[in-house]
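The values are calculated or read from the model by the stated rules, or taken from the named source; none is laboratory data. Predicted model only: the values in this text are computed from it and were never measured. Here the Cβ positions follow ideal geometry from the backbone for every residue, glycine too, while neighbour counts run over all protein chains shown.
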Amino acid sequence: MITCLHYWYSDFLRNILKNEKPLTISISYAIICFTGPFGGIIANAILKPFLGSYESKKVSWPLVILQIISSIFAISIGLMRTLISICLVTILFLIFNSSIIALIQGILISCVDTNLSATGFALANACTQILAAGPTPMVYGMINDKFKEEYPWLAMCCIMSLNLFAVPLLIYLAILRNKKFDEEDNDKKENEKELIDINEFNKENKDINNA
């Protein structure tokens with residue numbers, strides 16, 4: 001979606017804001033390209049103390065919430081009708097999306113063996129490019145060519161609505177990760193309990209022998 005957004009954004013603005021000058025659209029796009037990712041860096045710095053590391057248990061459900069918020073702003077891009085409102089929701093989408101991508105990439109790396117993390121991350125990126133980054137701009141163009149006269153916003157709304165498909169997947173991810181962490185915590189507690197029992201048993205035997 002990010003690839004599609006950058007590829008078609010200026011065309012989308014021209015279709016929606018028919019009376020805006022090309023220079024205004026170019027400046028607006030430049031501002032968005034700068035402030036969106038930069039805002040994501042600031043947002044990550046603010047959220048990190050609350051979320052912790054991507055390897056922690058508590059990051060799973062906040063990730064779902066961030067995705068829902070990001071989806072709302074993503075769909076809102078196609079529903080806005082003024083330059084300021086479109087730019088504002090786009091910047092907010094890019095900020096939340098940057099935070100989400102950083103967390104997801106960290107989780108992807110931590111989900112595989114250390115020796116396979118680089119390969120796994122490369123394969124994930126390759127699949128993303130093949131399945132999404134390539135076809136999505138083409139699908140946008142097809143929708144836009146057919147409906148841009150009557151519904152110039154439709155293509156953007158359709159493509160950005162794909163954000164919502166990630167929500168149930170991230171919910172499933174949160175359930176699985178939390179279950180895994182709970183199992184590991186239970187195993188750790190049982191091992192600690194067994195170690196304590198062994199130490200107490202050894203201590204009792206030592207006391208008996210001394211007696």
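Worth a mention:
- Close contacts from the range 56-72, counting a first residue that is farther than 16 Å from residue 43 by Cα and a second that is among the aromatic types (Phe, Trp, Tyr) and surrounded by fewer than 16 Cβ atoms within 10 Å (Cβ to Cβ), with Cβ to Cβ under 7 Å and a gap of 6+ residues or different chains, come to 57/181.
- Options 116, 131, 164; residue that is more than 20 Å from residue 16 (Cα to Cα), modelled with pLDDT under 90 and within 19 Å of the chain's Cα centre (by Cα): 131
- Leading residue by the ranking (nearest to residue 6 (Cα to Cα)) among those in the range 27-56 that are loosely packed, with under 13 Cβ neighbours inside 10 Å and of a type in the set (Phe, Trp, Tyr): 34
- Where residue 20 falls short, out of the listed (1) in a helix (DSSP H, G or I); (2) over 16 Å from the mean Cα position of the chain (by Cα): (1)
- Criterion: in a helix (DSSP H, G or I), in contact with a Cys (Cβ under 7 Å, 6 or more places away or on another chain) and either surrounded by fewer than 16 Cβ atoms within 10 Å (Cβ to Cβ) or touching a residue at least 60 places away in the same chain (Cβ under 8 Å) (or both) - qualifying residue of 75, 143, 107: 75
- Looking only at residues of the range 78-90 that are of a type in the set (Val, Ile, Thr) and surrounded by fewer than 21 Cβ atoms within 10 Å (Cβ to Cβ), we find that the one that is farthest from residue 156 (Cα to Cα) is 84.
- Screening residue 112 against (1) farther than 19 Å from residue 55 by Cβ; (2) touching a Gly at 6+ places or on another chain (Cβ under 6 Å) leaves a single unmet condition, (1).
- Residue identified as in a helix (DSSP H, G or I), at pLDDT below 95 and surrounded by 16 or more Cβ atoms within 10 Å (Cβ to Cβ) among 152, 137: 137
- Taking each residue of the range 7-20 that is of a type in the set (S, T, N, Q) and looking for partners that are outside any helix (DSSP H, G or I) with beta-carbon atoms closer than 7 Å, six or more apart or interchain, yields 15/148; 15/152.
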